[in-house]
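Written below as structure tokens is the structure these notes are about.
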Amino acid sequence: MESKMRAVVVARYGGRLEVMERPVPRPGAGEVLIRVRASGLCSTDLHLLSGRMNLGDLPRILGHESAGDIAELGEGVTAWKIGDRVAVAVDVVCGACRHCLTGQTQRCRSLQRIGFERDGGHAEYVAVPAANVVGLPDALTYAAAAILPDAVACMYHSLIGQGRVGLGQKVLILGVGGLGIHGVQIARLAGAEVIATSRRPDRLRIAERYGAISLNPATEPLEDRLREWTQGEGVDVVVDNIGTRASVREGLNLLRPGGKLLAVAYLDDTFEVPSLLLFRMEQEIIGCRGSTRQDLVEVVRLAGSGRITPVIGACYPLERVEDAVERLESGDLVGRIVLTREG
Ligand SMILES: [Zn+2]
Ligand SMILES: [Zn+2]
């Protein structure tokens, strides 16, 4: 095996994402080496560049959602064989704390994340704990599988795990980006009716294609339409994929008494909540962080059987990450950007 590989790194905070030559990682005991075939580019990758989160020693290889083949087994790994097709879960967890033991691995107190505190999948190879990989059905392409661990599993965790969305509910999804478009599909699959909002007609069209009622708040008053849709009651669940003071205020305003606001995004540092309203309405604001290991297993199953369609906006070769970033920043696409590998 080659000793060097190409990888997308943060070399310094506030710089650009760069393609650099890095050593091919070695799998430690209990780890597997993955030959990465595709990795999803997330807007969080751009936040990480800013230095808002400490990534440890730089350069750090980014990429928290990826898929590929197992290329090498570390000591003691018996559950996998070379060539197995897999997706990689983001969180590296201890397996022993109360959160891990109750299946809430995303809350592990010793959490490390692939593509954050550990080197990630925007590379030709990545070494990860064997416990982090989930086998892929043949029906799933690498590009489709690559976006399951974050863009899809995160929405699944939010709506199903945290929001308990189910039959007959009415769900409002604020924002139809890489996450929201999968949120629409998952909420529909769970038996809910969905209104999805965006200011972009192309995003609204695709939300409709996946079964949402679409609404452009720039041209139509959101509140009037929502009141009408829920006979004045307010929606059961709001998914806030925007994460600003304004979106939280708006979300709470559109919720029914006892409804749930799922806080998926966190653009503004703080949100304001009218305390009397919270008291009177008994609404819940629920943080939604990533996904559990089991969530990833389930979304792989759902995507493998065609019940969820991973929505890919564009594919770029790893080397063209700068073009991919430009495209991501332009907002000029629907669905996730995937970085692909040669061969
Ligand atoms: Zn992400
Ligand atoms: Zn733990």
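The values are calculated or read from the model by the stated rules, or taken from the named source; none is laboratory data. Only a predicted model underlies this, so the values are computations on that prediction, with no experimental measurement involved. When we count neighbours, we look across all protein chains shown, and the Cβ atoms used for this are built from the backbone with ideal geometry, even at glycine. Note: areas computed on protein heavy atoms with side chains; ligands, DNA, RNA excluded. Shrake-Rupley method; radii C 1.70, N 1.55, O 1.52, S 1.80 Å.
In the stretch 54-64, the residue that is nearest to ligand 1 (Cβ to nearest atom) out of those that are over 26 Å from ASP268 (Cα atoms) and open to solvent by 50 Å² or more (accessible area, probe 1.4 Å) is LEU58. Applying the criterion of being in contact (Cβ under 8 Å) with a residue 60 or more places away in the chain and in a loop (DSSP other than H, G, I, E, B) to the residues of the stretch 32-53, the residue that is nearest to ligand 1 (Cβ to nearest atom) is CYS42.
Does GLY135 qualify as being at pLDDT below 95 and either closer than 13 Å to THR309 by Cα or not hydroxyl-bearing (Ser, Thr, Tyr) (or both)?
Details: at pLDDT below 95: no; either closer than 13 Å to THR309 by Cα or not hydroxyl-bearing (Ser, Thr, Tyr) (or both): yes.
No: the conditions fail for GLY135.
Just so you know, in the stretch 72-90 the residues that are of a type in the set (Gly, Ala, Ser) and farther than 16 Å from ASP295 by Cβ include one that is farthest from ligand 2 (Cβ to nearest atom), and it is GLY83. You will find that of ALA146, ALA87, the residue that is open to solvent by less than 10 Å² (accessible area, probe 1.4 Å), in contact with a helix residue (DSSP H, G or I) (Cβ under 8 Å, 6 or more places away or on another chain) and either within 16 Å of ligand 1 (Cβ to nearest atom) or within 26 Å of GLU18 (Cβ to Cβ) (or both) is ALA87 and no other. Summed over the stretch 175-203, residues that are on the phi > 0 side of the Ramachandran plot and in contact (Cβ under 8 Å) with a residue 40 or more places away in the chain total 1. Only one entry of ALA265, ALA314 meets the criterion of being over 30 Å from ARG107 (Cα atoms) and either polar (S, T, N, Q) or buried (at least 16 other Cβ atoms within 10 Å of the Cβ) (or both), and that entry is ALA314. Residues in the stretch 91-123 that are in contact with an Asp or Glu (Cβ under 8 Å, 6 or more places away or on another chain) and open to solvent by 20 Å² or more (accessible area, probe 1.4 Å) were compared, and the one that is nearest to ligand 2 (Cβ to nearest atom) is LEU111.
Remark: pairs (first residue in the stretch 320-343, open to solvent by 20 Å² or more (accessible area, probe 1.4 Å); second residue among the hydroxyl-bearing types (Ser, Thr, Tyr) and assigned to a strand (DSSP E or B); Cβ separation under 6 Å; 6+ apart in sequence or on different chains) = ASP323/TYR316. Scanning the stretch 22-31 for residues that are in a loop (DSSP other than H, G, I, E, B) and in contact (Cβ under 8 Å) with a residue 60 or more places away in the chain gives VAL24, PRO25, ARG26, PRO27, GLY28, GLY30.
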